[in-house]
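The values are calculated or read from the model by the stated rules, or taken from the named source; none is laboratory data. Please read all numbers here as calculations on a predicted model, not as lab measurements. Neighbour counts are summed over all protein chains in view; Cβ atoms, including those assigned to glycine, are modelled from backbone coordinates with ideal geometry.
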């Protein structure tokens with residue numbers, strides 16, 4: 001019998017069934033209420049992603065070179081389907097993690113991935129800090145996608161922080177303007193603001209604010225060092241992993257905010273020099289007004305990873321400011337005053353480094369009374385080319401030995417620490433690379449190797465990624481990277497000097513085979 005509105009019962013049932021089926025297939029995006037407003041994420045393949053969430057007000061206009069401010073609350077539901085802009089910079093073609101968005105000065109956004117199926121309890125949280133020499137990088141590169149971590153049972157967070165002269169800049173007029181003494185390291189301030197956002201909001205995503213693992217690579221690893229030693233970061237994370245982040249004093253030392261130290265110009269004087277290069281003289285409020293009125297491109301001034309060594313007189317990078325950074329990380333580690341939390345630390349087998357020796361004699365002369373031993377170690381056959389030897393010495397000094405130093409210092413302080421070396425090279429790159437270059441571990445840690453290598457990816461590459469990814473997941477969950485089905489990764493001790501080497505044949509726990517090399521480049525204490 002026809003329904004009085006013109007529909008048969010069968011038609012109504014069909015409409016209801018079709019609606020339910022479409023609803024199940026579409027898996028509507030989930031909605032979360034943050035402290036600043038509601039957001040709507042996107043569900044795909046068992047993961048909900050929330051992108052482009054403001055964690056601070058846009059640092060533009062009068063907020064350029066100020067500590068991050070609270071974002072304004074919004075009404076309605078904000079779409080969190082797309083990344084926010086990465087921070088202002090000049091990208092460069094050889095970047096291992098090319099940006100997915102156009103850079104802009106309005107960039108203080110973060111992203112959250114979590115499992116689509118709600119957990120009964122709160123999940124561990126991982127927070128990623130990207131690298132790029134503090135002048136490049138962002139949270140949008142495809143290899144930084146957090147989906148695999150979410151599928152592994154954690155809530156994953158990435159965020160942007162100000163770079164270059166937007167993130168690290170000092171000037172006497174800024175000092176006079178400040179009422180709280182938070183100056184210079186605006187990029188670090190952004191990182192702390194993002195971690196505070198996590199503490200305040202992550203429980204709404206199913207994450208545990210008391211179980212946060214902070215990790216980063218290169219400048220991101222250097223940032224982890226800074227935060228492990230900063231009084232303003234205490235209580236914001238409970239574990240940390242440092243990938244190719246150094247750990248010794250920077251080349252020439254880190255500049256101080258106000259004073260010239262050990263022949264290194266102050267960050268303020270570098271800021272004054274930059275202002276003069278733009279025709280802005282003086283150190284008063286009018287000079288600062290003119291600096292803030294400069295177009296963003298003029299502040300970048302062609303600064304990036306390729307050019308930063310030519311900008312040493314007008315760009316300070318991170319500095320010792322007396323509030324966030326009190327001293328060099330090496331000094332803190334030597335004294336044992338760092339935050340005592342579980343740590344993973346390591347470097348790759350063909351790391352980054354900056355060597356200038358124009359001959360083998362000049363290269364080995366820097367070892368002084370150990371020159372003969374250094375030559376025998378770095379050139380055992382007597383036929384190594386200069387570029388190879390120079391690269392090994394420079395990378396050992398910049399990344400590999402400092403990782404061992406950090407492991408030793410933390411072990412001595414009684415905190416659990418695991419050291420690694422990443423030596424795995426993708427199958428498609430073995431005829432080109434003699435080892436694992438700087439940053440090549442990232443798609444393995446994130447298990448985004450398919451995105452990185454595409455059709456050239458092999459089963460062996462995927463197996464290598466699954467292993468290191470599982471170690472990082474285990475560490476986030478328990479504070480120990482070991483777990484069922486994985487080769488044992490021994491906790492580091494200086495006496496045994498064992499690390500986990502991610503080789504072409506899988507993870508291998510071994511005494512460091514480069515001990516002799518690292519002993520030679522180790523600074524005298």
Does any residue of the stretch 438-461 turn out to be out of contact with any strand residue (DSSP E or B) (no Cβ under 7 Å at 6 or more places or on another chain), more than 26 Å from residue 154 (Cα to Cα), at pLDDT 95 or above and crowded, with 19+ Cβ neighbours inside 10 Å? no
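Going residue by residue through the stretch 263-281, is there one that turns out to be within 22 Å of residue 446 (Cβ to Cβ) and either in contact with a helix residue (DSSP H, G or I) (Cβ under 7 Å, 6 or more places away or on another chain) or at pLDDT 95 or above (or both)? I'd like the intermediate steps shown before the answer.
Initially, the stretch 263-281 is screened for residues within 22 Å of residue 446 (Cβ to Cβ), giving none.
No, the stretch 263-281 has no match at all.
Could you please find all residues in the stretch 451-468 being out of contact with any helix residue (DSSP H, G or I) (no Cβ under 7 Å at 6 or more places or on another chain) and closer than 16 Å to residue 151 by Cα? Before you say what the answer is, go through the steps one by one.
As a first pass, look at the stretch 451-468 and keep what is out of contact with any helix residue (DSSP H, G or I) (no Cβ under 7 Å at 6 or more places or on another chain): 454-455, 459, 463, 466-467.
If the condition is that a residue be out of contact with any helix residue (DSSP H, G or I) (no Cβ under 7 Å at 6 or more places or on another chain) and closer than 16 Å to residue 151 by Cα, then 466, 467 are the ones that fit.
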Among the residues that make up the stretch 472-487, is at least one of them in contact with a strand residue (DSSP E or B) (Cβ under 6 Å, 6 or more places away or on another chain), part of a loop (DSSP other than H, G, I, E, B) and loosely packed, with under 15 Cβ neighbours inside 10 Å? yes
Restricting attention to the stretch 323-371, and to residues there that are in a loop (DSSP other than H, G, I, E, B) and free of Cβ contacts under 8 Å to residues at least 40 places away in the same chain, which single residue is farthest from the chain's Cα centre (by Cα)? 359
Need pairs with beta-carbon distance below 6 Å; first residue on the phi > 0 side of the Ramachandran plot and touching a residue at least 24 places away in the same chain (Cβ under 8 Å) and within the stretch 461-486, second assigned to a helix (DSSP H, G or I) and surrounded by fewer than 19 Cβ atoms within 10 Å (Cβ to Cβ); sequence gap 6+ or separate chains. none
Being touching a strand residue (DSSP E or B) at 6+ places or on another chain (Cβ under 8 Å), assigned to a loop (DSSP other than H, G, I, E, B) and surrounded by fewer than 20 Cβ atoms within 10 Å (Cβ to Cβ), is that true of even one residue in the stretch 298-306? no
Could you check, for the stretch 412-427, whether at least one of its residues is without any contact (Cβ under 8 Å) to a residue 12 or more places away in the chain and assigned to a helix (DSSP H, G or I)? no
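Do we find that residue 205 is crowded, with 20+ Cβ neighbours inside 10 Å, in contact with a strand residue (DSSP E or B) (Cβ under 7 Å, 6 or more places away or on another chain) and under 20 Å from residue 324 (Cα atoms) in this structure?
On the way: crowded, with 20+ Cβ neighbours inside 10 Å: yes; in contact with a strand residue (DSSP E or B) (Cβ under 7 Å, 6 or more places away or on another chain): yes; under 20 Å from residue 324 (Cα atoms): no.
No: the conditions fail for residue 205.
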Hey, residue 103 hits all of (1) touching a residue at least 40 places away in the same chain (Cβ under 8 Å); (2) touching a helix residue (DSSP H, G or I) at 6+ places or on another chain (Cβ under 9 Å) but one; which does it fall short on? (1)
I'd like to know if the stretch 253-263 contains one or more residues that are surrounded by fewer than 16 Cβ atoms within 10 Å (Cβ to Cβ), touching a residue at least 12 places away in the same chain (Cβ under 8 Å), over 30 Å from residue 212 (Cα atoms) and in contact with a strand residue (DSSP E or B) (Cβ under 6 Å, 6 or more places away or on another chain). yes
Can you tell me which residue is farthest from residue 333 (Cα to Cα) among those in the stretch 229-246 that are surrounded by fewer than 24 Cβ atoms within 10 Å (Cβ to Cβ) and in contact with a strand residue (DSSP E or B) (Cβ under 8 Å, 6 or more places away or on another chain)? 236
Kindly check whether there is at least one residue in the stretch 129-143 that is part of a helix (DSSP H, G or I), within 15 Å of the chain's Cα centre (by Cα) and at pLDDT 95 or above. yes
Among the residues that make up the stretch 87-99, is at least one of them touching a strand residue (DSSP E or B) at 6+ places or on another chain (Cβ under 7 Å) and in a loop (DSSP other than H, G, I, E, B)? yes
Criterion (in a loop (DSSP other than H, G, I, E, B) and touching a residue at least 60 places away in the same chain (Cβ under 8 Å)) met by exactly one of 153, 187, 220: 153
